[in-house]
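The values are calculated or read from the model by the stated rules, or taken from the named source; none is laboratory data. Every value quoted in this text rests on a predicted model; they were computed, and no experiment measured them. Cβ: placed from backbone, ideal geometry, glycine included. Neighbour counts: every protein chain shown. The protein model used for the area step is the full one, side chains on, heavy atoms only, and it has no ligands, DNA or RNA in it. Shrake-Rupley method; radii C 1.70, N 1.55, O 1.52, S 1.80 Å.
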Amino acid sequence: MKLKLPRLVIFSIVIGILLRLIFALTTYHGDLAALVLAGDSLAVKHQFINFYESVFTIGTQGELKLPDHQMTFIYQPLAYFIPGLIYLPFAGVIKGLVDGLLHINPYLLEGKSLFFPLLIYKLPLILADLGILFLLPKFFTKKKDQHLSLILWSLNPLAIYVSSMIGQVDAILTFFLVAGLLAFKKDRLYLSVFFFTLSALVKPIGLVLLPVVALYHYSLHRRLLDVIKLVSSGLLTYLLVIAPFLPSQVYRQYTLFAEHINKTLFAGIAISPGTLIPWFFVTYAAILVLLLNRRISPFYALGAALLASLSFTHFHPQWLVWLTPWLVIYLVTTKDWLAPLLTLFSWLVIIFSFEPSLTYHLFFGHNLNPITLSSSLASFTPHLISLSRAWIAALLLHFTLQKPAHET
């Protein structure tokens with residue numbers, strides 16, 4: 001689709017790219033160390049199969065020992081393979097940077113206000129972020145809607161924060177979500193399942209979307225075999241990719257069965273001592289029932305399935321970027337700015353409720369210490385923080401109330 005872009009759109013895209021580049025060079029978060037290690041293991045040492053073990057040493061009793069920097073690979077293979085492949089042309093540059101960027105206060109950043117090699121490490125995330133610009137306009141037929149979607153994503157503060165500031169692989173996950181959503185819109189369900197599975201090979205949350213796609217198809221055609229085929233195609237793709245890593249004790253312990261995967265299941269309804277039904281299961285099952293009975297828009301059922309995993313979880317602020325494509329499409333389609341703006345405000349409140357390493361301490365070259373901002377937010381507005389998290393649950397309800405297109 002060729003777009004003849006107005007000056008305002010071009011200006012927004014240029015500003016968006018410049019902001020991403022500036023923040024990429026001037027901010028650092030300790031979680032980026034995982035990509036630093038991935039670059040060393042994959043791009044420099046070419047450890048494509050055993051990179052999960054590459055950060056460990058073997059103790060005298062044959063036990064696995066973490067290195068001093070305590071950094072491990074906790075995400076699925078594509079979270080490291082995709083950046084690792086993009087780092088290959090820069091292997092000579094990043095080879096000498098590993099030790100200096102693996103610590104909470106990396107010594108390579110001392111005395112600097114910007115550090116150009118950081119752009120290399122954040123490049124895969126920025127490319128995925130900007131890649132969404134090529135996908136979003138395809139959701140709309142009107143040029144003014146296409147243009148608005150470009151402006152909104154170019155200046156999307158969540159996307160900029162995730163890809164260019166803290167440098168998290170959620171940007172790659174979100175790209176695959178948008179690709180899967182676009183395939184779903186075009187009724188190419190197997191391709192949609194494939195892209196959603198790729199997102200799950202970054203972080204496994206994408207697996208919750210496979211039953212949604214399959215039940216949508218079943219609600220239309222009532223063919224159980226098609227449901228099995230759709231879900232199986234995704235699970236088979238997932239298993240084929242992780243199969244080479246399954247023999248690895250490190251992969252099984254720190255990635256496949258890692259404790260952080262169960263965060264979504266913490267909150268629930270206690271029905272007896274020691275027995276709890278997670279709210280995620282309750283809401284997810286309700287979404288599937290609504291979809292099966294064609295009481296919810298299938299497009300928003302996918303977003304609601306992701307929201308169900310966040311609404312009752314003390315989620316990390318960067319996870320909310322998964323939902324931003326739905327919010328952009330919702331805003332462009334309905335011209336309702338309230339829900340997206342409330343979500344953005346809630347995200348800002350939530351992010352400042354975390355430690356300063358996620359906000360002003362990201363700027364490594366400046367001794368920023370706005371104590372009054374963080375302490376006031378933590379001390380006199382705990383209810384605002386709770387209300388902001390509650391809004392995410394309200395957004396889940398808002399998505400579930402979106403009717404199928406033929407009923408609107």
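GNM, the chain, Cα, under 10 Å: largest mean-square fluctuation among VAL55, VAL14, VAL332?
The residue that fluctuates most here is VAL14.
Filter LYS229/LYS335; LYS144/LYS229; LYS122/LYS203; LYS4/LYS203 down to the pairs with a C-alpha to C-alpha distance above 28 Å, please. All intermediate terms of the calculation are to be shown ahead of the outcome.
On the way: LYS229/LYS335 37 Å; LYS144/LYS229 39 Å; LYS122/LYS203 18 Å; LYS4/LYS203 36 Å.
The pairs that break the limit, which is 28 Å between Cα atoms, are LYS229/LYS335; LYS144/LYS229; LYS4/LYS203.
Using helices alone, what [θ] at 222 nm do you get for the chain, with -39,500 (n - 2.57) per DSSP H run of 4 or more residues, divided over all residues and rounded to the nearest 500?
Numbers: 17 runs with 217 residues, N = 408.
Per the formula, -17000 deg cm²/dmol.
If you rank LEU152, LEU362, LEU239 by how much accessible surface each has, with a 1.4 Å probe, what is the order from largest down?
Values: LEU152 40, LEU362 0, LEU239 95 Å².
The ordering from most to least exposed comes out as LEU239, LEU152, LEU362.
Just want to confirm a number: the relative contact order over the chain, from Cα pairs under 8 angstrom separated by 6+ residues, in percent. Can you show the working numbers first?
Details: 573 pairs, mean separation 74.4, N = 408.
Answer for the chain is 18 percent.
For the chain, what % of the accessible area comes from carbon and sulfur atoms, probe 1.4 Å?
Details: 12720 of 18650 Å².
On the chain, the fraction of accessible area on carbon and sulfur atoms equals 68 percent.
Of PHE11, PHE280, PHE196, which is the most mobile in a GNM of the chain whose springs link Cα atoms less than 10 angstrom apart?
Checking each option, the largest mean-square fluctuation is seen for PHE11.
Which of GLY365, GLY84, GLY111 moves most in a GNM of the chain, Cα contacts under 10 Å?
GLY111
May I ask you to work out the translational diffusion coefficient for segment 247-335 at 20 °C, viscosity 1.002 mPa s, via Stokes-Einstein with Rh from the Kirkwood sum over Cα pairs, reported in whole µm²/s? The partial results should precede the final answer.
Details: Rh = 15.2 Å.
Answer from the Stokes-Einstein relation: 141 µm²/s.
In square angstrom, rounded to the nearest 10, how much accessible surface does LYS45 have for a 1.4 Å probe?
Accessible surface of LYS45 is approximately 120 Å².
I'd like the projected area of the chain, averaged over all directions, using the convex hull of its alpha carbons. Report it in nm² with one decimal. List each step's numbers first, then the result.
On the way: hull surface 91.3 nm².
If I average the Cα hull's projected area over directions, I get 22.8 nm².
For the chain, what is the accessible area per residue in Å², given a 1.4 Å probe and the full set of protein chains? Please list the in-between numbers first.
On the way: 18650 Å² over 408 residues.
Computed with neighbouring chains in place, this is 46 Å² per residue.
Using a 10 Å cut-off on Cβ atoms, rank the peptides 90-99, 338-347, 200-209 from the highest mean neighbour count down.
Values: 90-99: 15.3, 338-347: 16.8, 200-209: 22.3.
Ranked by mean Cβ neighbours within 10 Å, highest first: 200-209, 338-347, 90-99.
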